[in-house]
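Structure first, commentary second.
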Amino acid sequence: MATTPRQATPDSSPRTWRRARLIETGRVARRSARRRSLALATLAILVLAVVLVPLLVRLDQQLVDLRAAGLPPSLAHPFGTDEVGRDVLLRSIYGLRVSLLVGLVAAVVSATIGGLVGLAAGAAGGPLDRLLMRVVDGVNSMPHLLLGIFIVALFAPSAIAVIVSVGVTHWTTAARIVRSEVLSLRGRPFIDAAVSGGSSRLRIVRRHFLPNLAPHLLLATVLMVPHAIWHETALSFLGLGLPAHLASLGNMINDGQRSLLAGDWWSSLFPGLLILTPTLAIHALAQHLRDRANPRRRSELAL
Amino acid sequence: MTWLRIVAWRLAFGVPLLLAVTFAMFALAKASPFDPVRQYLGERAMVTDPRIMAEIRANWGLDRPLVEQYTTWLGHLVRGDLGESRSLRLPVAQVIGERLGWTLLVVGCALVLMLAAGLAVGTLAAWRRDSWLDRLISGTAFANEAAPVFWIGLLAIWLFAVKLGWLPAGGLTDADSAAVTMPDLARHLVLPVAVLAFSQSSWLLLFVRESVIAVLREDFVTGARARGLRERTVLLRHALRSALLPFITIMGARVPELVTGAILVEAVFSWPGVAGTTIKAALAVDFPLLAALTLLATVAVLLGNLVADVAYTVADPRVRVLGVS
């Protein structure tokens with residue numbers, strides 16, 4: 001007999017099992033590192049394009065060239081041209097610039113509101129905490145897009161209106177995260193020590209709470225950016241976001257709707273891909289940050 | 001009767017919430033720089049006598065203070081009168097009544113499709129974990145989560161309506177048909193339902209996958225396998241069933257996303273439902289209609305949470321949800 005029982009069931013040996021697990025861990029770590037580098041590279045390329053291209057090539061938002069209308073992707077126009085002859089690649093980059101900017105500002109606004117509310121609820125406790133958490137529940141039970149539509153409709157559609165509508169509807173996640181962190185911080189010995197040492201409430205918040213909350217707030221803000229971009233593009237797509245002539249990803253998908261029915265797929269496809277790519281990259285990066293911050297609860301979603 | 005107490009608790013939370021939401025809507029409308037009378041008259045505002053405009057304003061009660069306007073609206077609402085839509089020139093109740101059914105049809109079909117597909121595909125991915133099939137499924141789900149639903153809708157129109165010509169691109173019926181017939185309606189229903197279900201299914205699929213993977217590691221699953229039960233029985237009867245419990249609550253929490261998805265899908269496919277009407281009302285700054293639709297959506301979300309809570313106590317008698325809410 002050539003096969004020993006041990007070879008027949010390799011899993012039963014503790015050493016083999018441990019080695020297999022080590023290999024597995026290494027594989028997962030390598031894959032995670034690869035994914036992080038890919039996400040970082042993608043974001044870097046997009047950000048560089050958004051910052052540099054407008055410096056090199058100026059886009060005249062109003063210019064149309066009907067002789068070059070509806071050209072499929074080619075060397076001269078890698079993403080093709082839209083129904084009035086505007087280069088889709090250049091407009092997409094300008095659109096991404098607007099979307100990223102609006103998304104970033106809106107994310108910072110909502111994280112600030114959420115951070116303050118969460119800090120107040122967690123630090124004050126008692127009736128104020130309960131009241132604020134009910135407000136959070138209340139805002140959460142409104143469909144965000146609907147609230148956004150409502151705000152934008154009643155005030156003129158503009159970048160400011162979009163930022164406000166995202167800011168006032170999306171702070172609840174940050175508030176929840178910050179509140180639960182503050183609650184867990186409150187029970188730690190070093191806070192007790194600070195209180196016994198005679199620190200004031202304000203000092204505890206500034207010196208002990210905020211530095212410990214910063215990573216969580218940062219993660220919440222980073223994760224909010226794709227959401228805010230989505231929101232901006234959805235509102236623009238519905239005609240309730242940025243002015244129609246301005247190159248924005250939502251406006252471009254909306255414009256592309258007409259040429260799509262004529263079979264010109266490129267003027268809708270590429271702006272959408274530019275929403276998809278940064279979102280995926282940011283999610284991958286956030287997943288990585290979360291794993292670093294909390295390695296024990298590594299999510300299965302990380303694969 | 002735990003569920004009775006849950007209903008009471010939810011109502012105690014829901015009624016003040018609805019009051020707060022509606023009052024906030026009125027406050028926002030009051031702060032809005034748009035003059036609804038000018039909006040209503042459009043170009044005729046240029047030639048209309050200011051006295052007539054003042055009369056319209058008085059008719060709508062816009063010259064009265066905020067609280068008075070609000071209580072009047074609330075009083076009408078309690079009596080079932082939602083006011084008149086300013087852009088469609090029809091009673092709001094009639095507008096909603098005509099369109100609500102179409103929205104419910106799309107959302108209902110999408111919900112069923114999404115549940116069936118999400119459960120099946122999620123379990124499959126968990127069972128074949130780390131295989132190329134699993135990678136493909138979870139990768140698609142992640143990308144789908146990041147892709148805007150209106151974009152997916154447009155791509156679906158391009159592929160199935162323009163390129164392949166299998167299905168109509170939008171609307172309720174063909175343009176030349178006078179009445180709504182079943183086969184025609186069914187053909188028009190396919191794309192909106194599929195797109196809504198697809199875009200909403202990725203979180204469910206990922207959730208089911210992760211949940212089933214966790215359960216597959218538990219002792220009772222190993223035990224069931226050791227007793228020689230068929231893999232299908234282990235997977236469906238043991239693993240999937242116990243993986244599903246937390247999912248009921250999450251379903252309830254996802255209703256806002258469903259409303260959002262319905263708004264966008266109806267806009268893309270020009271489906272004549274209430275969700276798409278919201279956008280028309282917003283573009284026309286039609287406050288009575290917009291207010292009623294926002295109220296409707298909030299009620300839908302609250303109902304969703306309530307149903308999820310009750311279903312959870314029915315499914316798992318151990319839970320005492322009261323006070324946790």
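The values are calculated or read from the model by the stated rules, or taken from the named source; none is laboratory data. Computed from a predicted model, the values in this text were never measured in an experiment. As a convention, Cβ positions derive from the backbone with ideal geometry for all residues, glycine included, and neighbour counts pool all protein chains shown. Heads up: the accessible areas ignore ligands, DNA and RNA and are worked out on the full protein's heavy atoms, side chains in. Shrake-Rupley method; radii C 1.70, N 1.55, O 1.52, S 1.80 Å.
For segment A:95-145, name all the residues that are charged (D, E, K, R) and either away from chain B (no Cβ under 14 Å) or touching a His at 6+ places or on another chain (Cβ under 8 Å) (or both).
A:Arg97, A:Asp129
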Inside segment B:250-278, can you point out the residues that are of a type outside the set (A, V, I, L, M, F, W, C), surrounded by 21 or more Cβ atoms within 10 Å (Cβ to Cβ) and over 9 Å from the mean Cα position of the chain (by Cα)?
B:Glu266, B:Gly273, B:Gly276, B:Thr277, B:Thr278
Hey, does segment B:151-174 have a residue that's of a type in the set (Phe, Trp, Tyr), within 24 Å of the chain's Cα centre (by Cα) and within 14 Å of chain A (Cβ to nearest Cβ)?
yes
Please enumerate the residues belonging to segment B:70-108 that are in contact with a Phe, Trp or Tyr (Cβ under 7 Å, 6 or more places away or on another chain) and farther than 23 Å from B:Val21 by Cα.
B:Trp102, B:Val106
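Restricting the search to segment B:102-133, which residues are of a type in the set (D, E, K, R), within 12 Å of another protein chain (Cβ to nearest Cβ) and without any contact (Cβ under 8 Å) to a residue 40 or more places away in the chain?
B:Asp130
Listed here are the residues, each with its yes/no results for (1) surrounded by fewer than 19 Cβ atoms within 10 Å (Cβ to Cβ); (2) not in a helix (DSSP H, G or I).
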position: A:Val135; (1), (2): yes, no
position: A:Met142; (1), (2): no, yes
position: A:Val152; (1), (2): no, no
position: A:Ala156; (1), (2): yes, yes
position: A:Ala161; (1), (2): no, no
position: A:Thr173; (1), (2): yes, no
Which numbered condition A:Ser268 fails, given (1) open to solvent by 70 Å² or more (accessible area, probe 1.4 Å); (2) at pLDDT below 85:
(1)
B:Gly61 open to solvent by less than 40 Å² (accessible area, probe 1.4 Å), in contact with a Leu (Cβ under 9 Å, 6 or more places away or on another chain) and not aliphatic (A, V, I, L, M):
no
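Of all residues in segment B:103-151, which are assigned to a loop (DSSP other than H, G, I, E, B) and either at pLDDT 85 or above or buried (at least 21 other Cβ atoms within 10 Å of the Cβ) (or both)?
Within segment B:103-151, B:Ala147, B:Pro148 qualify.
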Report whether or not B:Ala300 is modelled with pLDDT of 80 or more, buried (at least 22 other Cβ atoms within 10 Å of the Cβ) and within 12 Å of another protein chain (Cβ to nearest Cβ).
no
Would it be correct to say that B:Gln69 is over 23 Å from B:Val274 (Cβ atoms) and modelled with pLDDT of 75 or more?
yes
Meets criteria (more than 9 Å from chain A (Cβ to nearest Cβ), open to solvent by 20 Å² or more (accessible area, probe 1.4 Å) and more than 30 Å from B:Gly276 (Cβ to Cβ)) for B:Glu210:
no
Could you check, for segment A:266-281, whether at least one of its residues is closer than 20 Å to B:Gly170 by Cβ, among the hydroxyl-bearing types (Ser, Thr, Tyr) and facing chain B (nearest Cβ under 9 Å)?
yes
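Can you tell which of B:Gly80, B:Gly61, B:Gly75, B:Gly108 is assigned by TED's automatic domain parsing to the domain that holds B:Val259 and farther than 30 Å from A:Met133 by Cβ?
One residue alone meets the criteria, B:Gly108.
With the structure loaded, tell me whether A:Ser199 is surrounded by fewer than 17 Cβ atoms within 10 Å (Cβ to Cβ) and not in a helix (DSSP H, G or I) or whether it fails that test.
Yes; evaluated as a whole, the condition is true for this residue.
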Count of segment B:275-297 residues which are of a type in the set (Lys, Arg) and touching a Gly at 6+ places or on another chain (Cβ under 9 Å)
0
All but one of (1) under 26 Å from B:Gly273 (Cα atoms); (2) open to solvent by 30 Å² or more (accessible area, probe 1.4 Å); (3) modelled with pLDDT of 85 or more hold for B:Ala93; which doesn't?
(3)
Looking at segment B:11-31 only, could you name the residues that are of a type in the set (Val, Ile, Thr) and more than 9 Å from chain A (Cβ to nearest Cβ)?
B:Val15, B:Thr22
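Kindly provide the set of residues from segment A:242-263 that are without any contact (Cβ under 8 Å) to a residue 12 or more places away in the chain and facing chain B (nearest Cβ under 9 Å), ordered by number.
To start, the set of residues in segment A:242-263 that are without any contact (Cβ under 8 Å) to a residue 12 or more places away in the chain comprises A:244, A:257, A:260-261, A:263.
Once the filter is applied, which keeps residues that are without any contact (Cβ under 8 Å) to a residue 12 or more places away in the chain and facing chain B (nearest Cβ under 9 Å), segment A:242-263 yields A:Gln257, A:Leu260, A:Leu261, A:Gly263.
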Given the structure, is B:Ala275 within 11 Å of another protein chain (Cβ to nearest Cβ) and either part of a loop (DSSP other than H, G, I, E, B) or touching a residue at least 12 places away in the same chain (Cβ under 8 Å) (or both)?
yes
Out of everything in segment A:227-241 that is more than 7 Å from chain B (Cβ to nearest Cβ) and open to solvent by less than 10 Å² (accessible area, probe 1.4 Å), what residue ends up being nearest to A:Trp171 (Cα to Cα)?
A:Ala228
